[in-house]
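Colleague: This is the structure, below, for whatever I ask next.
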Amino acid sequence: MNSFNIETLAIRAGYEQTHEQENSEAIFPTSSFRYQSAAQAAARFSGEEKGNVYSRFTNPTVRTFEQRLALMEGGESCVATASGMAAILATFMALLQQGDHVVSSQSIFGTTKVLFNKYLAKFGIEVTFVSQTDFSEWESAIQPNTKALFLETPSNPLTEIADMSAISALAKKSDSLFIVDNCFCTPILQRPLEQGADIVIHSATKFLDGQGRGIGGAVVGSEAVVEEHVRAFMRTAGPSMSPFNAWIFLKGLETLSIRMAAHCQSALVLAEWLSKHPAVEQVFYPGLTSHPQYELACKQQSSGGGLVSFRVKGGQAEAWFVIDQTQMLSITANLGDVKTSITHPATTTHCRVEPTDRIKAGITDNLVRISVGLESIEDIKADLAKGLDCLE
Ligand SMILES: *Cc1c(COP(=O)(O)O)cnc(C)c1O
C-alpha cells in the first residue's frame with residue numbers, strides 16, 4: 001500500500017475484506033470478541049497473540065480508519081479517539097508528567113487553550129503561549145524542562161502560518177516533541193510529519209468527515225510514541241472512537257481529496273471577492289498573494305485551505321448584522337462541512353478565552369469566519385452580499 005498515491009490510500013488502505021467478500025467496508029459494532037479457547041483468550045490478553053480483545057482498544061472498523069489515516073499522513077501508527085479534544089488530551093496525558101513545560105502557539109483552538117490553562121495546569125504541566133509567527137518568541141520560551149512544542153497551521157481563524165521546519169529544528173535542539181494539529185489542511189494539503197513534526201493531531205469532526213455527522217479525532221506518529229504511549233493511555237483511560245463513527249470517517253476519507261480541492265477553489269474565489277468589497281476592512285486567507293506569509297504557505301501547503309476570515313468595517317454589531325442577514329449559510333461554529341458555515345469567533349469559539357488574550361490573538365469583535373462549503377460559490381457570495389451591501 002505504501003507505494004500508492006494519497007488519493008488511492010484514502011479509498012483502499014487499511015481494509016481486510018471479510019469472508020462475505022463485501023466491496024464497501026463492513027462496520028463491526030461489537031464491544032468484545034470471542035476466543036476459540038481459554039488459552040487463546042489468555043494469549044490475547046497477555047499480548048502474546050495479536051488480535052481483537054475489546055473495542056475500547058481494538059476494533060476492526062476503527063483500525064481500518066487508523067491505518068488509512070496513518071498512511072495518508074506518512075506516519076507509522078495512528079490511534080483514533082472519541083473527539084479531537086480527546087486526541088490532544090490523550091497525547092499530553094500519555095507523554096508528559098508533572099513538572100513538564102510546553103511551548104504553544106497562542107493562536108490555537110480556543111478549547112485547546114482552556115484544556116492547557118485549566119486542566120494541564122492542575123496536574124503541574126505549565127504552558128507558555130507565544131506568537132505563531134515570531135520565531136524568536138519560541139526560542140526564548142524554551143526552558144530546561146520543555147518537553148513539547150504545539151501549534152496549528154494555518155491558525156483558526158486568522159490563518160497565520162507557523163514555520164514548521166524552523167520550529168521542528170528548535171524542538172530537536174531542545175529535545176522536545178513537535179506536535180501539529182493538522183485539522184485545517186488535512187494530509188491532502190499538508191503533511192507535517194514530512195516537515196519535521198513528531199506527532200500529528202486531528203479533529204476528524206471537521207474535513208475528514210466533511211459532512212458534519214460525527215465527532216472524532218486521531219493521533220498519528222511513530223510506532224514508539226503512538227503505540228507504546230498514546231494507545232496505552234487510551235486503553236486505560238478509554239476516550240475511544242466508536243465503530244459507527246470510524247465508518248463515517250472512512251467514507252469521508254474516500255472523498256477527501258476532491259472535497260479539499262473544491263473547498264480551496266471556492267475559498268480563493270470568495271477571499272478575492274471579499275478583498276474587493278468596500279464594507280470589508282481586511283481578509284485573511286493564505287492563498288491570497290497579499291497574505292503576509294504567502295511564500296511560506298506555498299512552501300508548506302499545496303493550497304490555501306477552506307477557511308476564510310475577514311474583518312467588516314465596524315464592530316460586533318456590523319459583524320453580527322452580516323451573519324444575521326444570511327439566509328442559506330449555516331450559523332454554526334463547525335467547520336470543514338460541505339455546508340458553508342459562518343461564525344463570530346469572539347463570541348463563540350473564543351468566548352472562553354480571556355478578553356485580553358483574545359484581543360492579543362487578533363480575535364477582534366468585527367471578525368467573521370467562513371468555512372467555505374461546496375454549494376455554488378455564486379450563491380455563497382450572494383448570501384454574504386445581503387448584509388455586506390447594506391454596510392457600504
Ligand atoms: C474542532 C477542533 C478541535 C477539537 O476537535 P473536536 O472534534 O471538536 O473535539 C481541535 N483542534 C482544532 C484546530 C479544531 O478545529
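Colleague: Is there a quick way to get the dipole size of region 6-254? I mean about its Cα centre, with the Cβ of Lys and Arg at +1 and of Asp and Glu at -1; what is the value in debye to the nearest 20?
Modeller: Values: 19 positive and 27 negative charges, 154 e Å.
Computed about the Cα centre, the dipole is about 740 debye.
Colleague: Starting from the 7 Å offset along Cα-to-Cβ, what nm value, one decimal, do you get for the label separation of residue 338 and residue 302?
Modeller: Going by the 7 Å Cα→Cβ label model, 2.2 nm.
Colleague: Only loop residues by DSSP count here, and only those with at most 13 other Cβ atoms within 10 Å; note down the trypsin sites (Lys or Arg not before Pro) in region 9-81 that meet that. Spell out each step's value before the answer.
Modeller: Working: sites: 12, 34, 44, 50, 56, 63, 68; in loops: 34, 50, 56.
Answer by residue number: 34, 50.
Colleague: Next question. Classify region 94-145 as rounded, prolate or oblate, taking a ≥ b ≥ c as the square roots of the eigenvalues of its Cα gyration tensor: rounded when a/c is under 1.5, otherwise prolate if a/b is larger than b/c and oblate if not.
Modeller: Taking the square roots of the gyration eigenvalues as a ≥ b ≥ c, region 94-145 is oblate.
Colleague: Tell me, 19, 291, 344 in order of fewest to most beta-carbon neighbours within 10 Å? Mind dumping the intermediate values first?
Modeller: Details: 19 5, 291 21, 344 24.
Ranked by crowding around the Cβ, least crowded first: 19, 291, 344.
Colleague: Then there is this: Could you state the angle between the C-alpha long axis of helix 60-73 and the longest principal axis of the C-alpha atoms of the chain, as a value from 0 to 90 degrees rounded to the nearest 10?
Modeller: Once rounded, one gets 50 degrees.
Colleague: In degrees, nearest 10, range 0 to 90: what is the angle between the Cα axis of helix 377-391 and the longest Cα principal axis of the chain?
Modeller: 40 degrees
Colleague: Most exposed first by the Cβ proxy, i.e. fewest other Cβ within 10 Å, how do 375, 354 rank? Display every interim value, and only then the final one.
Modeller: Details: 375 15, 354 11.
Exposure proxy ranking, most exposed first: 354, 375.
Colleague: So what J values fall out for region 199-205 if you push phi through Karplus, 6.51 cos²θ - 1.76 cosθ + 1.60 with θ = phi - 60°, rounded to Hz, Gly and Pro as x?
Modeller: Running phi through 6.51 cos²θ - 1.76 cosθ + 1.60 with θ = phi - 60° gives 9, 10, 10, 10, 9, 5, 4 Hz.
Colleague: Still on this structure, please answer the following. Report relative contact order for region 222-372 in percent, whole number only (criteria: Cα-Cα under 8 Å, sequence separation at least 6).
Modeller: Values: 177 pairs, mean separation 30.2, N = 151.
With pairs under 8 Å counted, the relative contact order is 20 percent.
Colleague: Give the lysines reachable from residue 172 as a straight Cα distance under 22 Å; neighbours fewer than 8 places away on the same chain don't count.
Modeller: Correct list for residue 172: 147, 299.
Colleague: Shifting gears a bit: In degrees from 0 to 90, rounded to the nearest 10, what is the angle of the helix 84-95 Cα long axis to the longest principal axis of the chain?
Modeller: That helix lies at roughly 60 degrees to the long axis.
Colleague: Give the cross-link partners of residue 386 among the aspartates and glutamates, using a straight C-alpha distance below 16 Å as the criterion and excluding same-chain residues fewer than 8 apart.
Modeller: 318, 324, 378
Colleague: How large is the helix-only mean residue ellipticity at 222 nm for the chain, computed as the sum of -39500 (n - 2.57) over DSSP H runs with n ≥ 4, divided by its residue count, in deg cm²/dmol to the nearest 500?
Modeller: Values: 15 runs with 145 residues, N = 392.
For the chain, the value works out to -10500 deg cm²/dmol.
Colleague: How far apart, in nm, are two points set 7 Å out from the Cα along the Cα-to-Cβ line at residue 327 and at residue 275?
Modeller: For the pair residue 327/residue 275, the computed spacing is 3.1 nm.
Coordinate-derived values only; no laboratory data. It should be emphasised that the depicted structure is a prediction, and the values quoted were computed from it without experimental measurement. Every residue, glycine among them, receives a Cβ derived from its backbone with ideal geometry; neighbour counts consider all protein chains shown.
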